[in-house]
Amino acid sequence: MDNSRMRVCTIILPVAMIAILSSVAFAQVHPMDPRLPRGSVSSQESYQSAAKLKTLERSYNVAKAAYGRKPQKADLKKKYIEATVVFGHESMVSPALPAKLKYRQALRLYREVLKLDPNNPVARPESDMIIAIYKQMGRPVPQ
């Protein structure tokens, strides 16, 4: 196996294992656990959304760390951007997060992406939408 494939395997395999292990660990919690968020969606949906967010957050952290070690590598930059966009979007639409947290977190993640890719087709319109919503409500836009 050549070095580039070996490097990809050392990044992808741990992420896949984390995803599998976290889904197994979350599956052992009862869906009616009182610590789970309540709201208009079922507790099972909130639970699944929280598990998905945890997995995406781990993927984001792994990609960010890999890119931080070798920022000159285009493939690591691309993976970091993709992981950040996916985590940001899921944060914004997740029923597991309260509104006060979800939009602030999504905006922070989108700003990370826009520093590297100012015309990102997902981060640009979604961050603009979040900013517009804050302004429409007469609230200060989070920094």
Please tell me if residue 133 is of a type in the set (A, V, I, L, M) and more than 26 Å from residue 51 (Cβ to Cβ). yes
Out of 113, 85, which single residue is under 10 Å from the mean Cα position of the chain (by Cα) and open to solvent by less than 50 Å² (accessible area, probe 1.4 Å)? 85
Within region 33-54, is even one residue in contact with a Ser or Thr (Cβ under 6 Å, 6 or more places away or on another chain), at pLDDT 65 or above and open to solvent by 30 Å² or more (accessible area, probe 1.4 Å)? yes
Which condition does residue 103 not pass, out of (1) free of Cβ contacts under 8 Å to residues at least 24 places away in the same chain; (2) open to solvent by 70 Å² or more (accessible area, probe 1.4 Å); (3) closer than 25 Å to residue 131 by Cα, if it passes all the others? (1)
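For residue 5, indicate whether it is closer than 24 Å to residue 121 by Cα, modelled with pLDDT of 50 or more, open to solvent by 70 Å² or more (accessible area, probe 1.4 Å) and out of contact with any His (no Cβ under 9 Å at 6 or more places or on another chain).
Values: closer than 24 Å to residue 121 by Cα: no; modelled with pLDDT of 50 or more: yes; open to solvent by 70 Å² or more (accessible area, probe 1.4 Å): yes; out of contact with any His (no Cβ under 9 Å at 6 or more places or on another chain): yes.
So residue 5 fails the test.
The values are calculated or read from the model by the stated rules, or taken from the named source; none is laboratory data. No experiment lies behind these values; they were computed from the predicted model shown. We place every Cβ from the backbone using ideal geometry, glycine too, and count neighbours over all the protein chains shown. Note: accessible area is taken over every heavy atom of the protein model, side chains too, but ligands, DNA and RNA are not part of it. Shrake-Rupley method; radii C 1.70, N 1.55, O 1.52, S 1.80 Å.
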